[in-house]
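Visitor: I'd like to ask you about the structure that follows.
Bear in mind these aren't lab numbers, they're just calculated from the coordinates by the rules spelled out. Being a predicted model, the structure only gives us computed values, none of them experimental. So basically every Cβ, Gly included, is an ideal-geometry build from the backbone, and we count neighbours across all protein chains shown.
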Ligand code: SF4
Ligand code: SF4
């Protein structure tokens with residue numbers, strides 16, 4: 001089956017970070033960990049936060065970083081950045097939960113943590129860290145973007161692959177053969 005690709009509208013959410021405004025207060029870490037505690041607000045522990053602030057007060061360096069993807073291996077090569085005369089540590093801007101450092105890992109289980117933009121029901125007007133950042137270093141933005149809709153055939157492929165992973169290709173093929181006989 002081939003279908004013409006249609007456009008659909010997607011909401012893209014972004015948190016813009018202004019490192020020049022961050023003062024390293026760590027309120028964002030506190031509220032993030034409290035909001036994601038079970039039950040909600042029952043504890044706060046920045047080690048469980050999905051935003052961490054890289055701090056070097058002597059160099060006036062404060063970099064809020066949101067937890068991103070998990071990676072099983074550390075990268076072999078790293079970069080250092082010098083911006084406006086300040087030298088930032090190698091992993092300063094990296095969002096990965098990776099084996100080379102302790103951030104973005106649940107301290108009890110070592111499971112990776114990832115920012116979910118405070119998805120909740122009812123939906124928040126702004127993520128909690130943005131609400132708690134009194135320095136306006138974190139700015140929340142939502143915009144609409146046009147993207148191409150996935151073709152129906154792709155969705156079917158994905159569904160078949162998921163069934164095959166669960167039951168094996170031969171069982172899926174048998175089931176399809178039986179269904180086509182009934183049709
Ligand atoms: S709350 Fe704002 S100013 Fe404070 S550490 Fe976080 S980003 Fe920086
Ligand atoms: S957006 Fe929500 S989940 Fe993400 S770092 Fe901020 S408080 Fe934590």
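Visitor: Please work out how much length the chain gains when fully extended from residue 16 to residue 106, using 0.36 nm per residue of separation minus the C-alpha to C-alpha distance, in nm with one decimal.
Guide: Numbers: separation 90, 0.36 × 90 = 32.40 nm, distance 2.48 nm.
Taking 0.36 nm per residue and subtracting the Cα distance, the gain is 29.9 nm.
Visitor: Follow-up question, since we're still on this one. According to a simple spin-label model (label point 7 Å from Cα along Cα-to-Cβ), what is the distance in nm between residue 134 and residue 42?
Guide: Reported label-point gap for residue 42 and residue 134 is 2.9 nm.
Visitor: For segment 29-152, what does the alpha-carbon gyration tensor say about shape, rounded, prolate or oblate, given a ≥ b ≥ c as the root eigenvalues, a/c under 1.5 as rounded, and a/b over b/c as prolate? Intermediate values should be presented prior to the final figure.
Guide: Working: a/c = 1.33, a/b = 1.21, b/c = 1.10.
Note, shape of segment 29-152 comes out rounded.
Visitor: Work out the FRET efficiency for residue 121 and residue 82 from their Cβ-Cβ distance, taking R0 = 35 Å, and round it to the nearest 0.05. Show your work: numbers first, answer last.
Guide: Numbers: r = 44 Å, r/R0 = 1.26.
In this case the efficiency is close to 0.20.
Visitor: With an 8 Å Cα cut-off and a minimum separation of 6 or more residues, compute the relative contact order for segment 34-91 in percent.
Guide: Values: 50 pairs, mean separation 10.9, N = 58.
The normalised contact order for segment 34-91 reaches 19 percent.
Visitor: Order these peptides, 28-34, 40-46, 61-67, by their mean beta-carbon neighbour count within 10 angstrom, highest first. Working shown, then result.
Guide: Numbers: 28-34: 21.9, 40-46: 11.7, 61-67: 20.3.
Ranked by mean Cβ neighbours within 10 Å, highest first: 28-34, 61-67, 40-46.
Visitor: Over segment 1-102, calculate the relative contact order: mean separation of alpha carbon pairs under 8 Å at least 6 apart, over the residue count, as a percent.
Guide: Values: 120 pairs, mean separation 19.6, N = 102.
The value is 19 percent.
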